[in-house]
1. Using only the alpha carbons of the chain, determine the length spanned along each of the three principal axes and report them from longest to shortest in whole angstroms.
2. Would you please give the residues with an amide H less than 5 Å from that of G103, counting only those at least 5 places away or on a separate chain, with H modeled from the backbone geometry?
3. Can you give the angle from 0 to 90° between the axis of helix 120-145 and the longest principal axis of the chain, with both taken from C-alpha atoms, to the nearest 10?
4. At a Förster radius of 41 Å, what calculated FRET efficiency corresponds to the Cβ-Cβ distance of S165 and C98, to the nearest 0.05?
5. For the chain, modelled as a GNM with alpha-carbon contacts under 10 angstrom, which of A97, A71, A154 fluctuates the most?
6. Take the chain, connect every pair of alpha-carbon atoms lying under 10 Å apart with a spring to form a Gaussian network, then pick out the residue of E122, E137, E86 with the largest mean-square fluctuation.
7. Mind putting a number on the dipole of the chain about its Cα centre? Charges go on the C-beta only, +1 for Lys and Arg and -1 for Asp and Glu, and I need it in Debye to the nearest 20.
8. Work out the FRET efficiency for A154 and E123 from their Cβ-Cβ distance, taking R0 = 35 Å, and round it to the nearest 0.05.
Amino acid sequence: MEFITPNCPECGSKAIGTAEKVVALFEEGDDISVEEFEYRGDTDMDCQTTITNAIGESLLVCDCGNEWFSAEVSDGQPEPVKTTIEFAPDLFLSVTACHDGGGGVSSNLHDESDEWAGDEDEERSHYEFEGAVDMLESLVLAHALAGVDVSSPAYVDGLKTAYESACNNL
Ligand SMILES: [Zn+2]
């Protein structure tokens, strides 16, 4: 494997390897209901995968104890990672994170109506809402680029709550 950042950002040495996650099943033998079972069963290695962040970069390890994420070199440029978050049926936000630190975000969360036209209060409220949606989009993009898993259920729940609050209050 070849990595874009093969050297440790702390000490400059080459990585000694990737951090791996192993799922293993320990079979305890005949009777696991006894109070003090002995560790004499078999451990079945199920699968081993490299630990990665939300944009698919691998966790590299250095002799000095430092760990950092790096994308693999794959025919020049690694693929951008696109995540689509569904707020409700037909309401979505898509964020694309590239490994060079660039990215983009798009959504249909904005208020496309012009019902506010002609009413000063409604107009102010419309632009405040648009500002809140812009902010939400920027935040998700910044988090995705920082390696946060923006598709995790807890993160998506938080986003939905923030969006609902903008809908209700602005
Ligand atoms: Zn190091």
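1. 78, 49, 27
2. Long-range HN contacts for G103: C98.
3. 20 degrees
4. On the way: r = 31 Å, r/R0 = 0.75.
That pair, S165 with C98, gives E of 0.85.
5. A154
6. E122
7. On the way: 6 positive and 38 negative charges, 162 e Å.
Magnitude of the dipole: close to 780 debye.
8. Result of the calculation: an efficiency of 0.45.
The values are calculated or read from the model by the stated rules, or taken from the named source; none is laboratory data. What you see is a predicted model; the values in this text were computed from it and never measured. Heads up, the Cβs are rebuilt from the backbone with ideal geometry, glycines too, and the neighbour counts pull from every protein chain shown. Please note that ligands, DNA and RNA were not included when accessible areas were found on the heavy atoms of the full protein model with its side chains. Shrake-Rupley method; radii C 1.70, N 1.55, O 1.52, S 1.80 Å.
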